[in-house]
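Everything on this sheet refers to the single structure shown next.
Read-outs throughout are calculated quantities, based only on the coordinates presented, and are distinct from any laboratory measurement. Small disclaimer: the values here were computed from a predicted structure and weren't measured. When we count neighbours, we look across all protein chains shown, and the Cβ atoms used for this are built from the backbone with ideal geometry, even at glycine.
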C-alpha cells in the first residue's frame with residue numbers, strides 16, 4: 001500500500017472543516033488578496049501553462065488567497081513601497097491547494113524548490129506569497145536577474161555575481177518584506193512566508209470554494 005502524503009498532517013479538504021477553524025479563530029480566515037491590496041497586479045502562473053510544469057494547475061486565474069494576518073502585513077508592504085519608491089507588487093502565486101503541491105513534488109522532488117508534501121508548505125497554509133516589484137506608473141517589472149521559478153543558483157539570495165541594480169532591487173524587496181513579518185526563502189528571491197504563529201492547517205480547497213465562503 002502506498003504511504004499517504006498527509007499521514008502526519010492535518011489536511012483540511014472540506015468547507016465544513018475550514019469553517020470550524022475560522023469559527024474557533026477568526027484570523028484563520030482566508031481572504032482574496034485584492035480585498036486588502038486593490039492595486040496589486042496578478043500574473044498567476046499556475047493558472048496558465050507558463051510555469052515550470054508546462055501545465056495549467058489552477059482552474060481560476062483571476063483571484064488568489066492568503067490568511068488575513070498575512071494580507072494585512074502585505075498591505076503594509078505595498079503601501080510603504082508606493083510611498084517611498086513609487087513601486088508596487090506583482091503576485092505570481094499565493095495560496096496553493098495541497099493536491100497541487102503533490103503534483104509539483106512528483107515532477108521536481110527537491111526541497112530546495114518544491115515543498116515536500118509530507119510536511120505541507122506555506123503556500124498550502126495560506127501563508128506564502130511569490131512576488132516581485134513593479135513600477136506603478138508603467139506596470140513594468142524591476143530587474144531581478146532571473147524570472148519566476150528559476151531553479152539555478154542565480155536565484156539564490158547569496159548569489160552576488162549580478163549587476164548592481166539587480167542586487168539593489170532584491171535587497172529592497174527582502175528588506176521591506178522582512179520588516180513586515182515575512183521570511184525569505186534562501187533559494188528563491190521571490191518567495192516569502194509569513195509566521196505560522198496560529199498553527200494554520202494545510203488546506204486542499206478549491207479557489208471556487210474559498211471564494212464562495
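Descriptive notes on the structure:
- Counting only DSSP H runs of at least 4 residues, each contributing -39500 (n - 2.57), and dividing by the residue count of the chain, the helix-based mean residue ellipticity at 222 nm comes to -9000 deg cm²/dmol.
- Computed over the chain: relative contact order in percent, which uses C-alpha pairs under 8 Å that are six or more apart: 25
- The label point for residue 82 and the one for residue 154, both projected 7 Å from the Cα toward the Cβ, are 3.3 nm apart.
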